[in-house]
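Structure record follows, encoded as structure tokens.
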Amino acid sequence: MAKRVLIAELVLFTVMVLGLVVKEIPGMVREYRIWRMAGRRLPRRG
């Protein structure tokens, strides 16, 4: 019984993570395009 609960939690966690990644893909693509247009300069701190 405990093994079934563990598997169910693992599946739920995996689905949540995949959903978050799929939701964030457009923003990641937009950030990549901005970074590429900026000449691949990374902001220097310090």
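Count, please, the residues in segment 2-25 that happen to be within 8 Å of the chain's Cα centre (by Cα) and of a type in the set (Ser, Thr, Tyr).
Residues that pass the stated criteria total 0.
Exactly one of (1) surrounded by 10 or more Cβ atoms within 10 Å (Cβ to Cβ); (2) modelled with pLDDT of 90 or more is unmet by residue 35. Its number?
Only one criterion is unmet by residue 35, namely (2).
The values are calculated or read from the model by the stated rules, or taken from the named source; none is laboratory data. Keep in mind that what you see is a predicted model, and the values were worked out from it rather than measured. Here Cβ is always computed from backbone atoms with ideal geometry, including for glycine, and neighbour counts include all displayed protein chains.
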